[in-house]
Every structure is written in structure tokens, then in C-alpha cells.
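A.B. asks: Structure incoming, see below.
The values are calculated or read from the model by the stated rules, or taken from the named source; none is laboratory data. All of these numbers come straight from a predicted model, not from anything done at the bench. Using ideal geometry, Cβ is built from the backbone for each residue, glycine included, and neighbour counts are taken over all protein chains shown.
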Amino acid sequence: MKIHVFLFLFCNVFVAVYAQTNKVVESDSLYREDQIYIGVTYNALVNLPNGASQNSFSTGFHVGLIRDFPINKQRDVAIGLGLGYSINTFNQNIRISATSPPTYTILKGIDYSKNNFSQHLLEAPLEFRWRTSNAETYKFWRVYTGVKVGYLLVSKSVYKGKPENETHRGLAGLNTWQYGLTLSVGYNTWNGYVYYGLNPIFDSNASTSTQSIEMNALKIGLIFYLL
């Protein structure tokens, strides 16, 4: 009788352990990481024309969804492909007119309190992803690098100063497609983020009275990932 009871208990324990092992294996074979992102950045302009400068603090807000495709058995190396939305503001001293074609004037010796342009972009990030994660670990190191392509949806310029305030929407002269390199590095919640634009923000026709405008975007900040 005791032997029967022992065998019965042993079989039940074995079945429970086997089921749990299968569950872990199944979990390991299915888990994905970091499929929602939210980022905030400081937006800088590089390759400014002579006399141009940034003023005040320029910001960016980024949000999106990335589908994670692990490419190795441990699932700690993956390709990420996604879709996102980005809002970016650049405070600087180049005033943009609403004429067609637009004119660009570097503000010198003029009393003004605000001058910026902003963009709303529909973005598609493509990343190569490495991390120290597994199905049971929620705190891990990550290094994600890749490219991001943006399509310009909305643009606006704002000028507040003499002789009068102006706001213009749907700016001509901006490149419709914008693309650049990205890098995210961090541990757990906190991750540094860098984007460097490979093509200029303005098209090849944009110029001041003396030189072309070939400014690129550099965005530096933090990015947060969620499952």
C-alpha cells in the first residue's frame, strides 16, 4: 500500500515538474523584448550656415511600436522593425517666410522673442538588437543600433517679434523624407538615445542670401522600452 502511495505521489510530482519545464521552454521559445518605445530628446542642428545659431531649448518627443524578431536560439539577438510618431522643435535664428519659394533670413540686430520651426514625422525604425535578457529577466543590458526613416506629415514655423508675429503651416522647402542612424544603449529603464540625420532637413533649394542651408538633425536624449 505504501509503495502504491509513493508511486502515485512520485508520478504526480514528475508530471508537475515536466509541465513546468515545458512551460518555461515554451516561454523561452516565444518571448520578445522592448516592443513599445517612448523617447524624449534635445534637438540640435549641425552644419549650420554662417551666422546661424540655436537659442533656447529644442525638444523632441518620440513614441512607437517595434516588432521584435529574435534571430538566435537564446533570443538575445534580434531584428526590430517598427512604426512610430515623432514631434520635433528647433529653436534658431533663421526666419522662414511663407513665400513660394520660401526665403530664409538670418536674424541679426532684430528684436524678437521666439523663432522656430517644428515637424511631425511618421517614422519607421529598423534595428539590430543585442541584449542580456531571457524570459525570466526584466533587468538587462541592451545595445540597439540601426536606421530610422521619417515621412514629414506636418510642419510649422513661428516668429514672435518686430515688425509683427507670424505663424506659417505646411512649410515648403523641407525634405519630405528624412533618415538617419540611431543608437540606444542602457540598462533596465534608463537608456541613452542618439539620432543623427544623414540627409539635410531642408531641400537643395533652401538658402540664405549668401549660402545654402544644409543643416542636419542631431537628437540626444533618453528612450524607455516596454513590452
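A.B. asks: Of the conditions (1) in contact (Cβ under 8 Å) with a residue 60 or more places away in the chain; (2) in a strand (DSSP E or B); (3) within 24 Å of Gly192 (Cβ to Cβ), Leu126 satisfies every one except a single condition; which number is it?
C.D. replies: (1)
A.B. asks: Considering Ser212, Ser184, which residue is under 17 Å from Asn47 (Cβ atoms), of a type in the set (Gly, Ala, Ser) and surrounded by 13 or more Cβ atoms within 10 Å (Cβ to Cβ)? So that I can check it myself, show each step before the final result.
C.D. replies: Working: Ser184 fails: under 17 Å from Asn47 (Cβ atoms).
Unique residue meeting the criteria: Ser212.
A.B. asks: Could you check the range 36-53 and list, in sequence order, the residues that are crowded, with 16+ Cβ neighbours inside 10 Å and farther than 12 Å from Tyr195 by Cα?
C.D. replies: Tyr37, Leu48, Pro49, Ala52
A.B. asks: Oh, and also: Can you tell which of Phe128, Phe57 is aromatic (Phe, Trp, Tyr), in the same structural domain as Gly186 (by TED's automatic domain parsing) and either closer than 22 Å to Gly170 by Cβ or surrounded by 14 or more Cβ atoms within 10 Å (Cβ to Cβ) (or both)?
C.D. replies: On the way: Phe57 fails: either closer than 22 Å to Gly170 by Cβ or surrounded by 14 or more Cβ atoms within 10 Å (Cβ to Cβ) (or both).
That would be Phe128, the only listed residue that is aromatic (Phe, Trp, Tyr), in the same structural domain as Gly186 (by TED's automatic domain parsing) and either closer than 22 Å to Gly170 by Cβ or surrounded by 14 or more Cβ atoms within 10 Å (Cβ to Cβ) (or both).
A.B. asks: Within the range 131-139, identify whether any single residue is within 16 Å of the chain's Cα centre (by Cα), of a type in the set (Lys, Arg), part of a strand (DSSP E or B) and within 30 Å of Gln74 (Cβ to Cβ), and answer yes or no. It would help to see each step written out before you state the result.
C.D. replies: So in the range 131-139, the residues within 16 Å of the chain's Cα centre (by Cα) come out as none.
No; the residues of the range 131-139 include none that is within 16 Å of the chain's Cα centre (by Cα), of a type in the set (Lys, Arg), part of a strand (DSSP E or B) and within 30 Å of Gln74 (Cβ to Cβ).
A.B. asks: Continuing with this model, one more query. Counting residues that are at pLDDT 95 or above and touching a Gly at 6+ places or on another chain (Cβ under 8 Å), which strands (runs of 3 or more DSSP E) fully inside the range 58-108 reach at least 2?
C.D. replies: Values: elements: 59-70, 77-91, 94-96, 104-106.
The strands (runs of 3 or more DSSP E) meeting that bar are 59-70, 77-91.
A.B. asks: How many residues, within the range 97-139, are under 20 Å from Met215 (Cα atoms) and of a type in the set (Phe, Trp, Tyr)?
C.D. replies: Qualifying residue count, the range 97-139: 2.
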